[in-house]
1. Looking at Glu43, Glu47 in this structure, which one is of a type outside the set (A, V, I, L, M, F, W, C), touching a residue at least 12 places away in the same chain (Cβ under 8 Å) and more than 19 Å from Leu18 (Cβ to Cβ)?
2. Of (1) among the charged types (D, E, K, R); (2) surrounded by 13 or more Cβ atoms within 10 Å (Cβ to Cβ); (3) over 28 Å from Glu43 (Cβ atoms), Glu130 satisfies all except one. Which?
3. Among the listed residues Glu47, Glu43, identify the single one that is out of contact with any Phe, Trp or Tyr (no Cβ under 8 Å at 6 or more places or on another chain) and assigned to a strand (DSSP E or B).
4. Is it the case that Arg56 is loosely packed, with under 15 Cβ neighbours inside 10 Å and free of Cβ contacts under 8 Å to residues at least 40 places away in the same chain?
5. Any idea which residue in the stretch 133-150 is modelled with the lowest pLDDT, counting only those that are of a type in the set (Val, Ile, Thr) and surrounded by 15 or more Cβ atoms within 10 Å (Cβ to Cβ)?
6. Somewhere in the stretch 104-118, is a residue over 22 Å from Phe37 (Cβ atoms), modelled with pLDDT of 90 or more and part of a helix (DSSP H, G or I)?
7. Identify, please: which residue in the stretch 119-135 is in a helix (DSSP H, G or I) and closer than 20 Å to Arg10 by Cβ and is, among those, nearest to the chain's Cα centre (by Cα)?
8. Being part of a helix (DSSP H, G or I) and among the small types (Gly, Ala, Ser) is the filter here, so list the residues in the stretch 57-94 that pass it.
Amino acid sequence: MHLVLTYFNRIKGPSIYLSFPDAQLEEDIIFRLMKFFDLDINEPFFEIVLINRKKRILNLYFEVHSEWARGNREMAMLSLIMKIDFDSRLTWAFLVDATQKIISIPKIFKAFYKFDDFREDDIEIDANYETIKKILLNCLSSLIDRIESK
C-alpha cells in the first residue's frame, strides 16, 4: 500500500508532495498520477485499475483555500495505491477523513509552499507541512489497522 499526496505547483505543474512509505514509487505510477490532474473528471473520487500491474489507484481530488494561490485555491489529490482487494467503504472513508482534517486547519495552504524558493521566510510553512505529514500518517495507520482486523 502506498499513499501519495499530489498538488498542483504553480510553476512545475502537478507534483508529488508527500509519499508514504518513503520507498520510491515506480516511474509509470508517478507519470499516471501526474496525468490524473489533466483528466476532465467531474467526480472528486475516482478509481483507476491497472489490470496488468494488479494495482488499484483510488484518488480523491480536493481544494484548499489559499491566500497565495491564483484563484485563491490550492489543488490537491490524495491517492491510495493498493495491490490487495479492499473494502471500498473503508478506503473512501479514509480519503475523505484525511482530506477533511487537512482542509479544516487554518492557513494549511502554506504547507504547499514548503519547497518554494520565494516563501521560505514564513515559519508557518514548516509547521503546516509537519501537520499534514502527521495527519496522513495517523490516518494511514488507522486504515491499515482496520484492514488487518478484517
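1. Numbers: Glu43 fails: touching a residue at least 12 places away in the same chain (Cβ under 8 Å).
Of the residues listed, the single one that is of a type outside the set (A, V, I, L, M, F, W, C), touching a residue at least 12 places away in the same chain (Cβ under 8 Å) and more than 19 Å from Leu18 (Cβ to Cβ) is Glu47.
2. Of (1) among the charged types (D, E, K, R); (2) surrounded by 13 or more Cβ atoms within 10 Å (Cβ to Cβ); (3) over 28 Å from Glu43 (Cβ atoms), only one is false for Glu130: (2).
3. Glu47
4. Answer is no for this residue.
5. Taking the stretch 133-150 as the starting set, the residues that turn out to be of a type in the set (Val, Ile, Thr) are 135, 144, 147.
Applying the additional criterion that residues be surrounded by 15 or more Cβ atoms within 10 Å (Cβ to Cβ) yields 135, 147.
Working: Ile135: 96, Ile147: 81.
Among those residues, the one meeting the criterion is Ile147.
6. no
7. Filtering the stretch 119-135 for residues in a helix (DSSP H, G or I) gives 123-135.
Still in the running and closer than 20 Å to Arg10 by Cβ: 124-126, 128-129, 132.
Numbers: Glu124: 20, Ile125: 17, Asp126: 17, Asn128: 15, Tyr129: 13, Ile132: 10 Å.
Out of the qualifying residues, it is Ile132.
8. Initial filter on the stretch 57-94 (part of a helix (DSSP H, G or I)): 70-72, 88-94.
Scanning the stretch 57-94 gives Gly71, Ser88, Ala93.
The values are calculated or read from the model by the stated rules, or taken from the named source; none is laboratory data. Note that this is a predicted model, so its numbers are computed, not measured. Please note: Cβ atoms are built from the backbone with ideal geometry, for glycine as well, and neighbour counts cover all protein chains shown.
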